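Enquirer: Next up is a structure, given as structure tokens.
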Amino acid sequence: MRRFSFFCLLAIISLLSHIQAAPVPKPTNAKPAIINAGIDKNIEGIREYLVNWARVAVRENEKVANMDIVRRKNDWESWLKKNMRVERVKGTNIVHVSFADGNAKEQAAIINVVVDYYVKNEVGSWRDTLTKSLQRARGRLEALRSRKRVTPEQISRAEEEIKQREEQIQMLPALVEHAKAP
């Protein structure tokens with residue numbers, strides 16, 4: 001009987017070496033959203049805005065607010081803050097926005113809602129303010145040109161103001177690409 005038990009044990013051990021565990025699937029993450037920060041000093045502002053206002057962006061979008069992953073969380077605002085990743089691509093003014101929890105579709109939905117909220121509310125208001133300022137500067141230049149007694153220095157200052165406003169508009173952060181689920 002002992003020999004039989006020993007033989008069975010050897011047979012089981014030899015079979016175990018041939019049995020392989022099923023591979024563990026790799027977690028799939030959404031490709032991050034990409035924002036061109038425009039200039040270096042905008043990067044920290046983007047990071048703070050996206051993390052702090054993620055809760056508002058998600059709450060205002062019914063489709064995302066009603067996703068199971070959001071509804072399951074007791075303190076979903078802290079959860080959003082904890083999982084929102086805003087990272088600069090080294091050596092560039094490019095910012096990747098990603099999310100650490102959920103499947104790829106959920107991640108992409110949350111990222112895109114937050115980034116869209118930022119582009120619409122924050123960057124949009126900057127762009128509107130600068131565009132209005134640019135229009136006023138162009139109006140002042142035209143008014144100067146229509147006067148009879150204008151110095152070249154006055155024209156030069158007005159043209160410089162227009163150039164500065166145009167450069168400020170070009171340096172605003174801009175969405176390069178939305179997040180995508182693979």
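Enquirer: Can you tell which of Ser156, Ala30, Asn121 lies farthest toward the positive end of the dipole of the chain, using +1 and -1 charges on the Cβ of basic and acidic side chains (Lys, Arg; Asp, Glu)?
Expert: Ala30
Enquirer: Mind checking the angle between helix 124-146 and the chain's longest principal axis? C-alpha axes, 0 to 90 degrees, to the nearest 10.
Expert: 20 degrees
Enquirer: If amide hydrogens are placed 1.01 Å from N in the peptide plane, which non-local residues have theirs closer than 5 Å to the one on Ile94?
Expert: Result for Ile94 returns Ala37, Val89.
Enquirer: I've got another one for you. Picking from Gln168, Gln107, Gln135, which is most flexible by a Gaussian network model of the chain using Cα springs under 10 Å?
Expert: Gln135
Enquirer: When ranked by the protection proxy of mean other Cβ atoms within 10 Å per residue, highest first, what sequence do the peptides 51-59, 111-119 form?
Expert: Result, highest mean first: 111-119, 51-59.
Enquirer: Sticking with this structure for a sec: For the chain, find the longest principal axis of its Cα atoms and tell me its angle to the long axis of helix 152-170, 0 to 90°, nearest 10.
Expert: 10 degrees
Enquirer: Projecting each Cα onto the charge dipole of the chain (Lys/Arg +1, Asp/Glu -1 at the beta carbon, about the Cα centre), which of Asn66, Tyr49, Ala137 comes out farthest on the positive side?
Expert: Asn66
Enquirer: What list of ³J(HN,Hα) couplings, whole Hz, do you get for the range 85-101 from phi and the Karplus terms 6.51, -1.76, 1.60, once you set θ to phi - 60° and write x for glycine and proline?
Expert: In residue order, the calculated couplings are 10, 10, 10, 7, 7, 3, x, 9, 9, 8, 10, 9, 10, 9, 9, 8, 10 Hz.
Enquirer: Within the range 30-177, how many Lys pairs sit with Cα atoms under 16 Å apart, leaving out pairs fewer than 8 places apart on the same chain?
Expert: The result is 7.
Enquirer: Here's another thing I want to ask about it. Which ³J(HN,Hα) values, rounded to whole Hz and listed in residue order, are derived for the range 48-58 from phi using the Karplus coefficients 6.51, -1.76 and 1.60 in 6.51 cos²θ - 1.76 cosθ + 1.60 with θ = phi - 60°, glycine and proline given as x?
Expert: 4, 4, 4, 5, 6, 9, 4, 4, 5, 4, 5
Enquirer: While we're here: Based on Cβ point charges of +1 for Lys and Arg and -1 for Asp and Glu, what charge dipole magnitude is obtained for the chain about its Cα centre, in debye rounded to the nearest 20?
Expert: Around 120 debye, computed over the chain.
Enquirer: Could you please state, rounded to a whole Å, how far the C-alpha centre of the range 148-170 is from the C-alpha centre of the range 65-114?
Expert: 43 Å
Enquirer: Check Ala33: other-chain or 5+ apart residues with amide H under 5 Å from its amide H, H built from backbone geometry?
Expert: Amide H to amide H, under 5 Å and 5 or more residues apart or across chains, Ala33 pairs with Val97, Ala179.
None of the figures in this text is laboratory data; all of them are computed from the coordinates on show. Not measured: the values here are computed from a predicted model. Cβ coordinates were reconstructed from backbone atoms using ideal geometry, including for glycine residues, and neighbour counts include every protein chain displayed.
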